[in-house]
1. In segment 32-54, what count of residues is obtained for those that are in a strand (DSSP E or B) and touching a helix residue (DSSP H, G or I) at 6+ places or on another chain (Cβ under 6 Å)?
2. Give the residues of segment 58-100 that are outside any strand (DSSP E or B), over 13 Å from residue 41 (Cβ atoms), in contact with a strand residue (DSSP E or B) (Cβ under 8 Å, 6 or more places away or on another chain) and without any contact (Cβ under 8 Å) to a residue 60 or more places away in the chain, sorted by residue number.
3. When you scan segment 18-25, do you find a residue that is closer than 15 Å to residue 109 by Cβ and at pLDDT below 95, even just one?
4. Residue 75 - would you say it is surrounded by 13 or more Cβ atoms within 10 Å (Cβ to Cβ) and at pLDDT below 90?
5. So is residue 8 at pLDDT 60 or above and either more than 15 Å from residue 53 (Cβ to Cβ) or within 30 Å of the chain's Cα centre (by Cα) (or both) or not?
């Protein structure tokens, strides 16, 4: 690299010479936030072939969302749903930087896969 190399950020008026509040804003779409919610739910270990589905509304840096997840039955559904809700809420807020005002979680129960007992002959 030569000494005369520069980055676009070095150009006058590109933003580096202005304070952050004057540079503009980043707005995440409802769909992008829904994908973040789904990814956070998937990371929590939801079951089911389709994966979690989310809908989100983003207004003024706040999120109202609904999440449809599948959990394996039998199992501690209430405790798992509470933990999943808390983790999805915190992970979504961390990734987006937005406040999660409401998160409605609908749980579908799916049968846990039957364990196949292996027999040795």
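1. Within segment 32-54, residues that are in a strand (DSSP E or B) and touching a helix residue (DSSP H, G or I) at 6+ places or on another chain (Cβ under 6 Å) number 1.
2. 61, 77, 93
3. There is no residue in segment 18-25 that is closer than 15 Å to residue 109 by Cβ and at pLDDT below 95.
4. Here the answer is no, as residue 75 does not meet what is asked.
5. no
The values are calculated or read from the model by the stated rules, or taken from the named source; none is laboratory data. As the structure is a computational prediction, the values presented were derived from the model and not from experiment. Every residue, glycine among them, receives a Cβ derived from its backbone with ideal geometry; neighbour counts consider all protein chains shown.
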